[in-house]
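The values are calculated or read from the model by the stated rules, or taken from the named source; none is laboratory data. Keep in mind the model is a prediction, meaning the values are calculated, not measured. Note: ideal-geometry Cβ built from the backbone for every residue, glycine included; neighbour counts use all protein chains shown.
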Amino acid sequence: MDSLRNTPRALSNISSQSSIDSLASQCVLCGLCSTTCPTYQESLNENRSPRGRISLIKAIANQELELDDHLLEHLSTCLHCFTCMKVCPSQVNYAELIHYADKELYLSGRTPPLFIRLLHSFLINNKLHRLAKSSLHILYKLKIVSLLKRLGSSRILAYLPNQYKKPNEPAINETKHLLITGCANQLLRPELIDSSINLLKAINLDISILKNEPCCGAIEFRSGIANEAELVEQSLTQTDKTYLSLNSSCTAHLNDYKTNTYFELLDYLFENHWQDLVKLQFKTDKKNILIHNSCSRKNRLKINSLKDKLEQLLPEQIFIEISNFSCCGASGTYSLERPELADKIASPYVSAIKEAEVNIILSTDTSCGLHLKHQLEQSQYAIEMMHPVQFIYQQTIN
Ligand code: SF4
Ligand code: SF4
């Protein structure tokens, strides 16, 4: 799990003009990264390749270019997937460079559309987040969400679950293990939180969750607001706790602070509680199951695929991986902000999923799972999407 610390960026403030210039100058303009960059592949526009964006960022830092709307579009279409960093022979720290650009865009007053800002507020702000949870509970009870889902076609409605039950909150702050559920999961995947707690109980692992868990800070950081994001992280750094996270984007972001180690829940269980897991009894109904390796796992956390362990634990199932794609286009709220582009980027991957006759998608990243599920359902392809922990719990014979 040392690799968890080997993330592509440290959340340091390196963004002086000279440091950006020197980081950008490490790019030898070879263009190797362009072949893997989803936004370049989609547009064939050099300004939307990693190499092109690096040149733009360098020019902004050196005040050779003004931040106009064209520039904004080229930079803000970056998915932050960091596939480019994986293939770069010069090991250019693109993550630091794009974070500098995010900060410059934020400081110039260019912010996402109002509905995205509102959505972010409901995820980031503790009071609004609590209000959203209670409101959802009432809206579902009154069947208003199902009515809206039937009448409306907006993507945010499609991302809302069909049913909503406030997740259980086990004893607070008294256990060794603390589950970081993720602000989006609390609103969009409450059943995942309950399944995770139930699986942990089944293997006798003590667990608690924070009463008012703060957002990990990834959303603000991505919006160029690093300082406030760093404050959020301070409430998740008790050294006597083992932090287990349910969303790999949150895990990657928290590990970027380099103040503590945050584990992906299932990787932690496989490494430390394998014997407890294999003692569980599982159903044997056979399904085609796609393991979606999100960019946060493969490019940022750099942790191994879950396939081998899942196959050992659930030998009756058929686990599939589709490796020849770089990013599904979900990227946090990107698929809500730029649905058409996100759909185009996902399209070849979605076709491959259909071809493989997948019944269930397992994703540790909520935004990827929701985006892919929506894409498939739009083409009348019935699919279930869940976190691998949720799938394991669902397969247990209680
Ligand atoms: S982070 Fe992803 S989208 Fe952005 S430049 Fe790199 S490969 Fe392209
Ligand atoms: S692979 Fe690295 S060095 Fe080559 S163009 Fe891309 S960022 Fe620059």
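Structural remarks
- Residues that are more than 13 Å from ligand 2 (Cβ to nearest atom) and within 18 Å of Ser18 (Cα to Cα) within the stretch 76-100 comprise His99, Tyr100, listed in sequence order.
- As for the stretch 58-67, it holds no residue that is within 26 Å of the chain's Cα centre (by Cα) and in contact (Cβ under 8 Å) with a residue 24 or more places away in the chain.
- One residue from Leu65, Leu56 being out of contact with any Phe, Trp or Tyr (no Cβ under 7 Å at 6 or more places or on another chain), assigned to a helix (DSSP H, G or I) and hydrophobic (A, V, I, L, M, F, W, C): Leu56
- Scanning the stretch 303-332 for residues that are over 19 Å from Thr39 (Cα atoms) and either in a loop (DSSP other than H, G, I, E, B) or not assigned by TED's automatic domain parsing to the domain that holds Ser351 (or both) turns up Ile303, Asn304, Ser305, Leu306, Leu314, Pro315, Glu316, Gln317, Glu321, Ile322.
- Residue match in the stretch 118-126 (condition: within 16 Å of ligand 2 (Cβ to nearest atom) and not hydrophobic (A, V, I, L, M, F, W, C)): no
The rows are residues; the columns are (1) surrounded by fewer than 23 Cβ atoms within 10 Å (Cβ to Cβ); (2) under 19 Å from the mean Cα position of the chain (by Cα).
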{"residue": "Leu187", "(1), (2)": "yes, yes"}
{"residue": "Ala202", "(1), (2)": "yes, no"}
{"residue": "Ile207", "(1), (2)": "yes, no"}
{"residue": "Lys211", "(1), (2)": "yes, no"}
{"residue": "Gly217", "(1), (2)": "no, yes"}
{"residue": "Phe221", "(1), (2)": "no, yes"}
{"residue": "Ile225", "(1), (2)": "yes, yes"}
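- Selection within the stretch 107-133 - over 20 Å from the mean Cα position of the chain (by Cα) and β-branched (Val, Ile, Thr): Thr111
- Residues within the stretch 81-98 that are part of a loop (DSSP other than H, G, I, E, B) and either surrounded by 21 or more Cβ atoms within 10 Å (Cβ to Cβ) or near ligand 1 (Cβ under 10 Å from one of its atoms) (or both), tallied: 4
- Residue within the stretch 366-384 that is out of contact with any Pro (no Cβ under 6 Å at 6 or more places or on another chain), surrounded by 18 or more Cβ atoms within 10 Å (Cβ to Cβ) and under 25 Å from Gln281 (Cβ atoms) present: no
- Each residue in the stretch 26-50 was checked for being within 24 Å of the chain's Cα centre (by Cα) and within 6 Å of ligand 2 (Cβ to nearest atom), and 2 of them qualify.
- Count of residues meeting criterion [modelled with pLDDT of 85 or more and either in contact with a Leu (Cβ under 8 Å, 6 or more places away or on another chain) or assigned by TED's automatic domain parsing to the domain that holds Gln378 (or both)] in the stretch 162-184: 8
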